[in-house]
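A short write-up of the structure that comes next.
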């Protein structure tokens, strides 16, 4: 199964979009938006589709960069990780989870606040490394 998570930054690159999960796993914790690829669906296409379904952000509003993958062999799951920057202010909306813009300087390794057993912190650190080398 192919899953995806997407880190979306506002146009100033100071805030990142998170959802507060309403159900398990990770109920009550912050997570990136994302979801599952449909059978035969390309990973990038699935990421754009999920982003639109969960937030209303359209493909023309953001260019997603494929950062990394996590493969969980015991569960036959691969999580594709994408990120991107909005080029304008956009009102986000969704009914699956509450959506919030969080400051980039949070402790994303906090397992009391963030889902993923530290993976969100790991992802954010790799985005920072990308930015230092490419922006």
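Return a whole-number percent for the relative contact order of the chain, with Cα pairs under 8 Å and 6 or more residues apart as the contact set.
Relative contact order here is 30 percent.
How far is it, in nm, from the label point at residue 73 to the one at residue 44 when both lie 7 Å from their Cα along the line to the Cβ?
Reported label-point gap for residue 73 and residue 44 is 2.9 nm.
Take the alpha carbon atoms of the range 64-90, find their center, do the same for the range 108-123, and report the distance between the two centers in whole angstrom.
15
Which three extents, in angstrom, do the Cα atoms of the range 10-135 have along their principal axes, listed largest first?
39, 34, 33
Using a Gaussian network model of the chain with C-alpha springs under 10 Å, which one of 102, 64, 74 is most mobile by mean-square fluctuation?
Sorting by GNM fluctuation, first place goes to 74.
Of all beta bridges DSSP finds with both residues in the chain, what is the antiparallel percent, to the nearest 5?
Roughly 70 percent of the beta bridges in the chain run antiparallel, per DSSP.
Please build a GNM for the chain, connecting alpha carbons under 10 Å apart, and tell me which residue among 61, 107, 95 fluctuates the most.
95
Readers should treat all values here as calculations from the given coordinates under stated rules, not as data from a laboratory. All figures in this text were calculated on a predicted structure; none of them were measured in a lab. Cβ: placed from backbone, ideal geometry, glycine included. Neighbour counts: every protein chain shown.
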